[in-house]
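Only one structure is covered here, and it is reproduced in the block below.
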Amino acid sequence: MALYVTAVDENSPAERLGISVGCALLAIDGHPLNDALDYQFYTTPAQFSLALCEHEQHRTVQVEKGEYEPLGCNFKTYLGDEKHSCSNHCMFCFIDQLPPGMREPLYFKDDDERLSFLFGNYITLTNLSEHEIDRIIQMHISPIFVSVHTTNPELRVRMLANKRGGEVLKYLPKLATGGIELNCQLVLCRGINDGDELRRTLTDLLALRPQVGSIAAVPAGVTDYRDKLYKLTPYDKESAAATLDILEEFSMKCRAEYGRSVIYPSDEWYLTAEREIPAAEFYDEFAQLEDGVGMWRQYHDTFLEELENYRGLVLPHSLDVVTGTLAAPLIEDCANTLMQRYPQVKISVHAIRNDYFGGNVSVAGLVTGTDIIKQCKDNLQSDTIAVPEVMLRDEKDCFLDDITLSQLGEALGCRAICIPTDGAGCCRAYLSSHKRKMKLMKKEKKSLRMTQSFRI
């Protein structure tokens, strides 16, 4: 294997060594370079030998730099090679139930331990060999995020539709013994891996404490696009409450024994069961926030804190806000509290029903431009619609259905703006949206004047 350099940082050790674009990095101190993790790990020391090939000429250079100072080489991808794709066919896989016609990258299923370390992506371990497990331990790639779902080997084979699904469970205690911190996820399917199976899984994972730092439990998402897939029944109020009882029972035991919850039900359980969201203390450091665990509580508390401490000028203005049906009660409650404090502000919240995906999909992050246009057309109370950034791709310009923010505004005959998803940022956006509007108006007027001058 080799890593091919696509760019070299200016004034970096690599530039000083004469490494150029197209150069193949082969090994460091005799260790082959397979990917960017190898590169990052072995280039950490202040001194090492680097074997490379440039213009079909092999050579070895001695590198001297600051410890932890980047060598300065860049590659085609942040991994150095292609992402590892998933070899499972999980009965609950959300990607398998996406509607057709979306952007191609959205259909790619990754199962890459490097993405787990770098970005907190969940992996099932089925792609890993003993050698790769040893590498994780040797490099101390920690923490990693593991989609466990169940510790029953036979059931895991069935749920993942992968014959290795059960045998790779042996890697969990090996990783724990090797000092690797494990953050675990359980996607629960009604009547399959909940109930007694859930109790077994939680008991087995807690036996690996303290290396198991957190366990998030989320209900399986079900869309209308499950043709030829395993029939899953969404959780209702009673079944969600029964599952939540088990999760909270174990969480309480953990708080008594370890001083922290360890096991964290996602917000959906509480909302479906119609139970109050726990206080912030329950979520400790909010380790599983990206998995929808504690987002409601964090949003609520930070929104109210920002509202209490806000000292900016608040002029009269109106704003339309969109969200998913799951978060709508929270958003409406916070907006009403804000309007009581600042009567000159009018916030209209639109709970967007997810017709695009269908099923039990209700989270804000999966709301599409298509559904917003259909449900908000001729129903806005202001000339500005605010879209939480979680609905848009990283560039903050495009929904899952490829409708852009500007196209949304054109379709609705208003300005479309992106606002933060967190509570504090959202509160500031509500209170200061008139400033954004004034800036846009000034920009438009300036553009108009320039156009007119050109015509003259």
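The values are calculated or read from the model by the stated rules, or taken from the named source; none is laboratory data. Not measured: the values here are computed from a predicted model. Glycine gets a Cβ as well: all are built from the backbone with ideal geometry, and neighbour counts include every protein chain shown.
Any idea which residue in segment 386-412 is modelled with the highest pLDDT, counting only those that are part of a strand (DSSP E or B) and either small (Gly, Ala, Ser) or within 11 Å of Thr370 (Cα to Cα) (or both)? Talk me through it step by step, then tell me what you get.
Initially, segment 386-412 is screened for residues part of a strand (DSSP E or B), giving 386-388, 398, 404.
Adding the requirement that they be either small (Gly, Ala, Ser) or within 11 Å of Thr370 (Cα to Cα) (or both) leaves 386, 404.
Details: Ala386: 95, Thr404: 92.
It comes out as Ala386.
Report the residue count in segment 376-392 for those that are more than 20 Å from Gly221 (Cα to Cα) and surrounded by 15 or more Cβ atoms within 10 Å (Cβ to Cβ).
Initially, segment 376-392 is screened for residues more than 20 Å from Gly221 (Cα to Cα), giving 376-389.
From what's left, surrounded by 15 or more Cβ atoms within 10 Å (Cβ to Cβ): 376, 380, 382-389.
The qualifying residues number 10.
Would you check if Ser433 is without any contact (Cβ under 8 Å) to a residue 12 or more places away in the chain, assigned to a helix (DSSP H, G or I), touching a strand residue (DSSP E or B) at 6+ places or on another chain (Cβ under 9 Å) and in the same structural domain as Val314 (by TED's automatic domain parsing)?
Details: without any contact (Cβ under 8 Å) to a residue 12 or more places away in the chain: no; assigned to a helix (DSSP H, G or I): yes; touching a strand residue (DSSP E or B) at 6+ places or on another chain (Cβ under 9 Å): yes; in the same structural domain as Val314 (by TED's automatic domain parsing): yes.
Criteria not met by Ser433.
Could you check segment 238-272 and list, in sequence order, the residues that are touching a Gly at 6+ places or on another chain (Cβ under 7 Å) and either surrounded by fewer than 19 Cβ atoms within 10 Å (Cβ to Cβ) or within 12 Å of Leu188 (Cβ to Cβ) (or both)?
The answer is Ser266, Glu268.
Under 17 Å from Cys414 (Cα atoms), touching a strand residue (DSSP E or B) at 6+ places or on another chain (Cβ under 9 Å) and of a type in the set (D, E, K, R), is that true of Asp378? Talk me through it step by step, then tell me what you get.
On the way: under 17 Å from Cys414 (Cα atoms): yes; touching a strand residue (DSSP E or B) at 6+ places or on another chain (Cβ under 9 Å): no; of a type in the set (D, E, K, R): yes.
The answer is no for Asp378.
Listed residues Leu202, Leu188, Leu160; which is touching a residue at least 24 places away in the same chain (Cβ under 8 Å), farther than 19 Å from Tyr258 by Cβ, crowded, with 23+ Cβ neighbours inside 10 Å and in contact with a strand residue (DSSP E or B) (Cβ under 8 Å, 6 or more places away or on another chain)? Steps first, answer last, please.
Values: Leu202 fails: farther than 19 Å from Tyr258 by Cβ; Leu160 fails: in contact with a strand residue (DSSP E or B) (Cβ under 8 Å, 6 or more places away or on another chain).
Matching residue, one of Leu202, Leu188, Leu160: Leu188.
Criterion first (within 17 Å of Phe75 (Cβ to Cβ), of a type in the set (Asp, Glu), surrounded by fewer than 17 Cβ atoms within 10 Å (Cβ to Cβ) and not assigned by TED's automatic domain parsing to the domain that holds Ile133) does Glu15 satisfy it? Write out each step before concluding.
On the way: within 17 Å of Phe75 (Cβ to Cβ): yes; of a type in the set (Asp, Glu): yes; surrounded by fewer than 17 Cβ atoms within 10 Å (Cβ to Cβ): yes; not assigned by TED's automatic domain parsing to the domain that holds Ile133: yes.
Judged against the criteria, Glu15 is a match.
Could you please find all residues in segment 194-224 being of a type in the set (Gly, Ala, Ser), within 30 Å of Asp355 (Cα to Cα) and in a strand (DSSP E or B)?
Applying the first criterion (of a type in the set (Gly, Ala, Ser)) to segment 194-224 yields 195, 207, 213-214, 216-217, 220-221.
Checking the rest, the ones that are also within 30 Å of Asp355 (Cα to Cα) come to 216-217, 220-221.
Listed by number, the residues that qualify are Ala216, Ala217.
Could you go through segment 161-178 and let me know if any residue there is among the small types (Gly, Ala, Ser), farther than 16 Å from Ile123 by Cα and within 26 Å of the chain's Cα centre (by Cα). Working first, answer last.
First, the residues of segment 161-178 that are among the small types (Gly, Ala, Ser): 161, 165-166, 176, 178.
Next cut, farther than 16 Å from Ile123 by Cα only: 178.
Restricting the remaining residues to those that are within 26 Å of the chain's Cα centre (by Cα) gives none.
No, segment 161-178 contains no residue that is among the small types (Gly, Ala, Ser), farther than 16 Å from Ile123 by Cα and within 26 Å of the chain's Cα centre (by Cα).
Hey, could you check segment 337-358 for residues that are touching a residue at least 12 places away in the same chain (Cβ under 8 Å), part of a helix (DSSP H, G or I) and not charged (D, E, K, R) and say which is surrounded by the fewest Cβ atoms within 10 Å (Cβ to Cβ)?
The residue in question is Thr337.
Do you know which residues across segment 319-336 are in a helix (DSSP H, G or I) and surrounded by 16 or more Cβ atoms within 10 Å (Cβ to Cβ)? Working first, answer last.
Quick first cut of segment 319-336, residues in a helix (DSSP H, G or I) only: 328-336.
Matches in segment 319-336: Ala328, Leu330, Ile331, Glu332, Cys334, Ala335.
Does Tyr235 count as surrounded by fewer than 20 Cβ atoms within 10 Å (Cβ to Cβ), over 28 Å from Glu181 (Cβ atoms) and more than 22 Å from the chain's Cα centre (by Cα)? Walk me through it before giving the result.
Details: surrounded by fewer than 20 Cβ atoms within 10 Å (Cβ to Cβ): no; over 28 Å from Glu181 (Cβ atoms): yes; more than 22 Å from the chain's Cα centre (by Cα): yes.
Spelling it out, it is not the case that Tyr235 is surrounded by fewer than 20 Cβ atoms within 10 Å (Cβ to Cβ), over 28 Å from Glu181 (Cβ atoms) and more than 22 Å from the chain's Cα centre (by Cα).
Condition check: under 21 Å from the mean Cα position of the chain (by Cα), in the same structural domain as Leu208 (by TED's automatic domain parsing), acidic (Asp, Glu) and assigned to a helix (DSSP H, G or I). Does Glu281 satisfy that? Outline the logic, then answer.
Details: under 21 Å from the mean Cα position of the chain (by Cα): no; in the same structural domain as Leu208 (by TED's automatic domain parsing): yes; acidic (Asp, Glu): yes; assigned to a helix (DSSP H, G or I): yes.
Criteria not met by Glu281.
Can you spot a residue in segment 280-294 that is among the hydrophobic types (A, V, I, L, M, F, W, C), free of Cβ contacts under 8 Å to residues at least 60 places away in the same chain and buried (at least 20 other Cβ atoms within 10 Å of the Cβ)? If you could, list the steps in order and put the result at the bottom.
Narrowing segment 280-294 to residues among the hydrophobic types (A, V, I, L, M, F, W, C): 280, 282, 286-287, 289, 293.
Now narrow it down to the ones that are free of Cβ contacts under 8 Å to residues at least 60 places away in the same chain: 280, 282, 286, 289.
Keeping just the survivors that are buried (at least 20 other Cβ atoms within 10 Å of the Cβ) gives none.
No, the conditions are met nowhere in segment 280-294.
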